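A short worksheet on the structure shown next.
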Amino acid sequence: MKGFTVFGIDLTSTETKASACAGLDDKLQPAYFGFMPKDNDILAILKFYSPQVIAIDAPLSLPLGLQSLEENSPRQAISPLRGRACERELASLGIPCYFTTEKSIIKDMVYRGIELKNKLCQMGLQVIEVYPYATKVRLFGKPLPRKTTPQGMAFLKAQLAELLPSFKPYLNLFDHNLCDATIAAYTAFLYCQNMVDAVGNDREGLIFIPHGG
């Protein structure tokens with residue numbers, strides 16, 4: 001099923017836990033959804049669909065001046081501030097997130113995300129970084145119930161059913177990871193419509209979120 005598609009990936013830290021992936025076509029119909037354990041699986045499905053934009057829910061860059069997140073890294077970040085500019089900007093908007101630092105608890109995800117992005121770019125595909133929580137805040141408002149609770153899942157599925165009616169028949173199969181992958185894909189769709197804001201800076205890395213109200 002080729003043609004216009006966008007994909008969202010809720011990336012895990014390691015290949016031992018499958019990553020949720022979702023694809024939308026230009027009519028916001030489901031083009032694909034499922035779980036991929038290995039990077040090679042993700043690369044294969046994306047090579048087949050050749051989407052216009054791939055939105056990954058994971059940090060896809062390091063703070064300027066750092067070559068790694070190891071605490072013994074010989075280089076220091078150019079900015080004395082913690083994390084990346086995009087993360088600090090999200091925090092200033094009232095949208096908390098993990099900061100990418102040497103003390104990050106998601107180092108493996110960061111390294112995996114950067115490597116996956118590089119491979120996809122080498123394939124000629126466009127990759128953007130997204131943060132589904134930020135998308136949900138922009139689209140659904142606050143407060144948001146925790147997605148890991150039954151109330152949070154019911155809320156999220158109800159919002160997705162309204163946002164993407166074509167997904168309604170399948171939502172009973174979705175866990176919160178697949179919901180986030182679908183939200184990421186929808187953010188990629190908005191990106192294609194020029195309906196997103198970029199937070200951060202080009203040199204260090206941008207996160208794309210829907211336009212504010």
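The values are calculated or read from the model by the stated rules, or taken from the named source; none is laboratory data. Predicted model only: the values in this text are computed from it and were never measured. Every residue, glycine as well, gets a Cβ built from its backbone with ideal geometry; the counts of neighbours run over all protein chains shown. Surface areas here come from the heavy atoms of the whole protein model, side chains and all, with no ligands, DNA or RNA. Shrake-Rupley method; radii C 1.70, N 1.55, O 1.52, S 1.80 Å.
Tabulated data for the structure shown
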| item | result |
| --- | --- |
| Positions within region 42-58 being of a type outside the set (Lys, Arg) and open to solvent by 10 Å² or more (accessible area, probe 1.4 Å), in sequence order | Leu43, Ala44, Ile45, Phe48, Tyr49, Ser50, Gln52, Asp57 |
| Number of the condition not met by Val196 [criteria: (1) in contact with a His (Cβ under 9 Å, 6 or more places away or on another chain); (2) at pLDDT below 95] | (2) |
